[in-house]
Structure formats: C-alpha cells, structure tokens
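Quick one: structure below, then a few questions.
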Amino acid sequence: MNNKNQKLEQTESIALIIFGVTGDLTKRKLIPAIYQLISEKLISNPIDIIGFARRPWDNQKMTDTLTEGIKEYARVKPVDNKNISPLFNGAKYIHSSFEKKEGFQKLNDLIEKIGYKKILFYLATPPTAYKTIIENLSACKQYSVNKSWVRIVVEKPFGIDLESALDLEESLHNCFEEHQIYRIDHYLGKETVQNILVFRFANGIFEPLWNKHYVDHVQITVAETVGVGERAGYFDKSGVIRDMFANHMLQLLTLTSMEPPYAFNAFSVRDEKMKVLRSLRHLSSEDILRNTVRGQYAGKTQGNLKIKGYLKEERVRNNSTTETYMAAKIFIDNWRWANVPFYLRSGKLLPKRATEIAIQFKQVPLSFFNWKNMAGDAPNVLVLRLQPDEGINLLFGAKKPGPANEISPVTMDFYYQEAFGSNPPDAYERLLLDCIQGDQTLFTRNDEVLEQWKYVSGIIKAWEEKQTLKLPQYHAGTWGPDEAREFIEKDGRVWREPS
Ligand code: BG6
C-alpha cells in the first residue's frame with residue numbers, strides 16, 4: 001500500500017507537533033505507537049516531539065508524562081529504555097492556548113530555527129478546537145508551500161453535522177491540500193478491519209456469493225460494555241449516531257459491501273467506498289423512523305453493584321434525549337445489493353464487548369431434512385469477529401451421527417491468536433506509519449466524510465422532528481431496548497448473539 005515515491009529520506013528529523021499533547025490520547029495511544037514503530041525499526045527518522053497545549057507544563061513534565069505513558073501502554077513489554085530516550089532528545093513543550101497567536105509564533109520560530117523540512121501536525125485536542133488551531137496555522141501556508149513534506153492528522157469527529165464538516169473542510173483546505181490531510185478513523189487501522197478486504201479480495205471462495213443472489217441480510221454490531229463515563233459531556237452532544245454510526249459503522253459497511261478496487265491504493269479503494277456511500281438509500285422522515293431504533297440506558301442495581309443510568313451521569317443534561325443505543329436498517333441501492341437489508345447496531349453498556357460483521361446466507365430452495373428453515377433455525381452465517389477474540393467463523397448444518405437424518409448447527413473457526421500469535425499491532429501504529437510513509441488508503445477522504453454526514457443528517461433531522469417521542473430505555477447489561485428486537489423480528493429475522 002505504500003507509495004514508494006514518497007518514502008522519506010531516512011535520516012531527516014520529523015517534527016511531530018501534537019496539539020493537545022497533555023491529553024489521554026497522546027499518552028495512551030500516540031506516543032506508545034511511535035515508540036513501538038521505532039523499536040521495531042519501522043521508522044528510522046529521528047522524531048522530535050513538539051507538544052502544544054493549555055496546561056502549564058514544561059519540557060520535563062511532558063517528557064516524564066509521555067515516558068510513563070510508554071511504560072504503561074506500550075504493546076510490547078518490558079519497554080527498552082534505549083528506544084525511549086531518543087524520542088525526547090529534541091522534545092519541546094509550548095504552553096499556550098489555541099487562540100493565542102504568540103504560541104503559534106513560538107512554534108513557527110522553533111520550526112524555522114531547527115530548519116525542519118518534515119512536519120507532521122497532529123490534532124489531538126477536543127474537536128471544538130480544530131478550527132481555531134487550523135486558522136492559527138494560517139501561517140502554515142508557508143509550511144505547505146515552502147516545505148516538501150508537511151502533513152496534518154485530524155482525529156474524528158470531523159464536524160458534528162454536514163454544515164460544520166463543510167466548514168472544517170474549508171479551513172483545512174485553506175491551509176493544506178487533500179494529499180496532506182490524514183483523517184483518522186481508528187477502526188480502519190485495526191488488523192481485522194483491514195482483513196475485510198483481504199478476506200474478500202485475496203480469496204476466490206466467498207466473493208462469488210457476496211451479493212443479493214446469495215445473501216439474505218448482513219448484521220454489523222459494535223457493542224460496548226462501557227458507559228459514557230468521563231466523556232459524558234462530549235457524548236451528550238453526539239450520541240451514538242455521531243460518535244459511532246457516522247464514522248466507524250459506515251466505514252465497516254463500505255468495506256463489507258464495496259466492489260473490488262482496480263488496484264489496492266488510496267485512490268481506488270476510497271473511490272469504491274465512495275460509490276457505496278452514494279448508493280445508500282435516503283429515506284423519507286417517516287421511513288427513517290420505521291427503519292431506525294434509539295435507546296438510552298437506565299441504571300441497574302445488582303447486589304452491591306450500582307450502575308448509573310445515563311441521565312444520572314455527570315455532565316449529562318437531566319432531560320437529555322441523547323441515544324446511547326441505535327439500530328438501523330440500511331439499503332444499498334446498487335446491482336450487487338438491491339433490497340438486501342444491512343442491520344447496524346451499536347450501544348453502550350451492552351452485555352458483551354463485541355464488534356462483528358455477520359453475513360447471513362439465504363436458505364436452500366427446498367429442504368429434504370427435518371430442518372425447516374436453514375436461514376431461520378440455524379442459518380449459514382459467515383461471521384467476521386473484529387474484536388475481541390478476533391477471527392472468522394462459518395456456521396452451517398451437519399448431519400448428526402445416527403440413524404436419523406438429523407441436522408445440527410456446527411462451525412468452522414479461525415482464530416487470529418492461534419494462527420498468528422497474540423499481540424497484533426495497535427491501530428495507531430499502522431496509521432501513524434502509513435501517514436509517515438505517505439499512504440492515505442486507511443484514512444477517510446473529504447468526500448467520504450461529507451457523504452457520511454449527508455446520510456446521517458437525514459436520520460438526525462427525522463429524529464429531531466419527533467423529539468417528543470419517548471426515547472426507549474434499556475437496562476444496562478441487556479441488548480438494547482425491546483423495540484430493537486421487535487424492529488428486526490418484524491422482518492422475520494433475529495439479532496445474532498455475538499459469540
Ligand atoms: C471512539 C468512540 O471513536 O471509539 C468511543 O468515540 C468508543 O465512544 C470507541 O468507545 C470504541 O473504540 P474501540 O477501538 O474500543 O472499539
């Protein structure tokens with residue numbers, strides 16, 4: 001996937017400028033990922049970390065905190081100190097608010113003084129700060145024009161609706177060109193998510209069946225056992241639709257349903273994903289309400305364990321109608337998928353952490369056995385288990401030994417851990433490496449982001465028009481509200497219980 005032409009000269013330092021360096025993401029994910037890449041000699045350029053944030057830290061405090069982060073969160077332990085110290089040789093901390101021009105001037109001066117030719121900006125701040133930072137980088141015209149190697153990484157969410165996404169895109173494009181912008185949806189960096197395309201397009205077995213002629217329906221589940229916790233303030237303004245559905249879930253949908261690209265590169269893979277997004281069926285408000293379900297978790301007491309309901313979480317408005325669960329039935333109006341329902345669901349405080357894509361095949365045209373309905377009773381299902389317990393299962397019916405033709409559901413299983421050992425690279429390792437190597441395949445392109453918002457805005461609008469409708473509740477530790485079960489059952493189907 002790498003664009004060999006853009007490979008770095010191996011010795012030049014990269015200035016990694018992290019806005020929001022004091023936050024959790026930097027400590028838990030970014031710096032441990034960089035450390036891992038250096039330890040595995042996947043990047044040989046020295047990296048100079050330049051932190052920029054509002055807290056009154058200094059170089060030493062930043063170095064100490066990030067070193068602790070590496071020790072705690074590095075994927076391979078024990079950590080090797082000799083790979084940690086070089087990371088902080090050129091480390092600098094700029095203490096400034098994101099509004100202050102002086103902070104950006106200091107940054108500019110530093111870049112000029114050292115004469116960095118390779119600059120990687122990373123927005124690891126709350127998304128509300130993105131626009132201000134980008135605008136203050138407007139001196140960055142100078143970076144993009146004069147320097148050969150300037151990139152910016154933007155964390156999701158890219159806006160909160162179509163309008164704000166357009167606005168953010170405009171600011172980004174005032175400063176940077178699309179080939180310099182790396183929008184992170186960390187799901188795309190997960191090994192198992194990358195394997196969706198490998199599984200589909202490196203094997204000849206399943207692709208011929210991967211269409212409306214053989215597939216009854218598809219279920220995409222992203223279930224989490226955690227509640228909103230400390231992120232309640234942010235979450236209450238987002239809900240599952242903005243937090244998970246508008247990005248991770250639609251990305252999983254595109255990878256599952258896209259056509260084979262003409263080559264495995266950033267242009268063609270993202271072109272094919274775009275075609276899926278453009279083919280999503282936009283529904284009327286009434287149909288959206290029929291084809292989606294929302295829910296909010298209620299609290300629960302179990303013995304001594306007390307789980308707070310969503311409305312009792314700190315920083316959640318006490319009359320909030322933000323959903324912590326949603327399910328949707330989606331249609332892709334193209335020849336491959338015409339009228340095949342894709343059921344997507346995601347929620348917080350569900351019984352199990354499980355992300356999976358289940359392709360359920362149609363039943364046989366005529367059954368000879370005492371097995372009424374292969375699609376209903378024990379369907380043929382191919383399950384891509386994305387996390388945890390990563391792997392793939394194929395469920396089918398087999399004859400139970402004995403004189404009767406009794407059929408029993410069985411599975412063929414593949415486990416990543418058995419095949420490749422545990423401890424695969426973290427999504428951030430892969431994404432940071434790709435960014436440094438100039439490969440945008442696993443990053444979301446601007447047209448994808450905007451198309452995702454176009455689709456999702458219709459749903460949000462339909463929901464907002466019916467604000468007065470009661471938001472269904474579900475108890476923590478259950479698979480969402482009853483309405484979610486009824487919603488799929490009225491189509492004669494059932495939600496799979498993730499394995
Ligand atoms: C983030 C969402 O993008 O993804 C979180 O903002 C969610 O709400 C998280 O918990 C899930 O990521 P993962 O990798 O744990 O599945």
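Under a crude label model (7 Å from the Cα following the beta-carbon direction), how far is A398 from K41 in nanometres?
According to this spin-label approximation, the distance is 4.5 nm.
Another question, if that's okay. Could you tell me the calculated FRET efficiency between Y214 and E178, based on Cβ-Cβ distance and R0 = 41 angstrom, to the nearest 0.05?
Here the calculated transfer efficiency is 0.65.
Output the relative contact order of the chain, whole-number percent, from Cα pairs under 8 angstrom with separation of 6+ residues.
18
Please report, in cubic angstrom per residue, the volume enclosed by the convex hull of the alpha-carbon atoms of the range 3-155.
113
Using alpha-carbon pairs under 8 Å, 6+ residues apart, how would you state the relative contact order of the range 3-155 in percent?
30
So what does S408 come to for accessible area, using a 1.4 Å probe and Å² rounded to 10?
The value for S408 is about 40 Å².
Quick one: accessible area per residue over the range 3-155, 1.4 Å probe, rounded to a whole number of Å²?
47
Additional query: Collect residues whose amide H, placed 1.01 Å from N in the peptide plane, falls under 5 Å from the amide H of I50; neighbours closer than 5 in sequence don't count.
Sorted by chain and number, the residues that satisfy this are L16, I17, I18, K92.
Same structure again: If Lys and Arg each add +1 and Asp and Glu each add -1, what is the summed charge of the other residues whose beta carbon sits under 12 Å from the beta carbon of G299?
Summing Lys/Arg as +1 and Asp/Glu as -1 gives +3.
For R28, R315, give me the order by solvent-accessible area with a 1.4 Å probe, most accessible first, ignoring ligands, DNA and RNA.
Largest to smallest exposure gives the sequence R315, R28.
If you don't mind, there's one more thing I want to ask. For the range 168-179, in order, what is each residue's ³J(HN,Hα) by Karplus, 6.51 cos²θ - 1.76 cosθ + 1.60 with θ = phi - 60°, in whole Hz (x at glycine and Pro)?
Working through the residues one at a time gives 5, 4, 5, 4, 4, 6, 5, 9, 10, 9, 3, 5 Hz.
So what's the back-of-envelope 222 nm ellipticity for the chain, counting only DSSP H runs of four-plus at -39500 (n - 2.57) apiece and dividing by all residues, rounded to 500?
It comes out at -10000 deg cm²/dmol, rounded to the nearest 500.
What number comes out for the charge environment of P388, summing +1 per Lys or Arg and -1 per Asp or Glu over other residues with Cβ under 13 Å away?
Computed value for this residue: -1.
May I pose another question? Amide H to amide H under 5 Å from D216: which residues, 5+ apart in sequence or cross-chain, H placed 1.01 Å off N in plane?
Q360, F361, K362
Residue by residue through the range 487-496, what is 3J(HN,Hα) from phi via Karplus (6.51 cos²θ - 1.76 cosθ + 1.60, θ = phi - 60°)? Round to whole Hz and write x for glycine and proline.
4, 8, 5, 5, 8, x, 10, 10, 5, 6
A further question on this structure: Taking K and R as +1 and D and E as -1, what net charge do the other residues with C-beta under 11 Å from the C-beta of T321 add up to?
Within the 11 Å Cβ shell, the charges total +1.
Between K275 and N304, 0.36 nm times their residue separation minus their Cα-Cα distance comes to what?
Stretched out fully, the K275 to N304 stretch lengthens by 5.3 nm.
Further question on the same structure: Cβ neighbours within 10 Å, averaged per peptide: list 347-359, 227-239 in order, most packed at the top.
Order by mean packing, descending: 347-359, 227-239.
Taking 0.36 nm per residue of sequence separation and subtracting the Cα-Cα distance, how much length would be gained by fully extending the chain between E207 and K454, in nm to one decimal?
Net length gain for the segment: 86.0 nm.
Next up: Summarise the long-distance tail of P(r) for the range 415-499 by giving the % of C-alpha pairs beyond 17 Å.
Taking all Cα-Cα pairs of the range 415-499, the fraction more than 17 Å apart is 75 percent.
With both bridge residues required to lie in the range 3-155, what share of the DSSP beta bridges run antiparallel, to the nearest 5%?
Roughly 0 percent of the beta bridges in the range 3-155 run antiparallel, per DSSP.
Near the amide H of I307, under 5 Å away, which other amide H atoms are found, from residues 5 or more places off or on another chain, if H is placed in the peptide plane?
So I307 has HN proximity to K300, T301, Q302.
Determine which lysines satisfy two conditions relative to K106: a Cα distance under 16 Å, and not lying fewer than 8 residues away in the same chain.
K92
Would you mind telling me the share, in percent, of accessible area of the range 3-155 contributed by carbon and sulfur at probe 1.4 angstrom?
In the range 3-155, the share of accessible area belonging to carbon and sulfur is 49 percent.
Now, a different point. Could you tell me what percent of the accessible area of the range 262-361 is made up of carbon and sulfur, with a 1.4 Å probe and every protein chain present?
On the range 262-361, the fraction of accessible area on carbon and sulfur atoms equals 51 percent.
Also, quick follow-up: Can you give me the solvent accessible area of K82 with a 1.4 Å probe, rounded to the nearest 10 Å²?
Roll a 1.4 Å probe over it and K82 shows about 140 Å².
Each label point is 7 Å from the Cα along the Cα-to-Cβ direction; what then is the distance between the points at H475 and T132, in nm?
Going from the H475 label point to the T132 one covers 4.5 nm.
Report the antiparallel proportion of the DSSP beta bridges in the chain as a percent, rounded to a multiple of 5.
Around 55 percent of the beta bridges assigned by DSSP in the chain are antiparallel ones.
Please go through the range 328-434 and write out the chymotrypsin sites (Phe, Trp or Tyr not before Pro) that DSSP classes as loop and that have at most 15 other C-beta atoms within 10 Å.
W335, F368, F369
Then there's this: Among E429, E464, E390, what's the order by accessible area (1.4 angstrom probe), most exposed first?
From most exposed to least exposed: E464, E390, E429.
Give a residue-ordered list of calculated ³J(HN,Hα) values for the range 441-454 (Karplus: 6.51 cos²θ - 1.76 cosθ + 1.60, θ = phi - 60°; whole Hz; x for Gly, Pro).
3, 8, 10, 7, 7, 4, 5, 5, 4, 5, 5, 4, 5, 4
What spacing in nm lies between the two simple spin-label points modelled at Y262 and T11, each 7 Å away from Cα in the Cβ direction?
The two pseudo-label positions are separated by 4.1 nm.
Now a separate question. Take every Cα-Cα distance within the chain, group them into 10 Å bins from 0 onward, and report for each bin the whole-number percent of pairs it holds.
Each 10 Å bin holds this share of Cα pairs: 4, 18, 27, 26, 17, 7, 2, 0, 0.
The values are calculated or read from the model by the stated rules, or taken from the named source; none is laboratory data. All values reported here derive from a predicted model rather than from experimental measurement. All Cβ positions, glycine included, derive from the backbone under ideal geometry; neighbour counts span all protein chains shown. Only protein heavy atoms, including side chains, enter the accessible area calculation; ligands, DNA and RNA are left aside. Shrake-Rupley method; radii C 1.70, N 1.55, O 1.52, S 1.80 Å.
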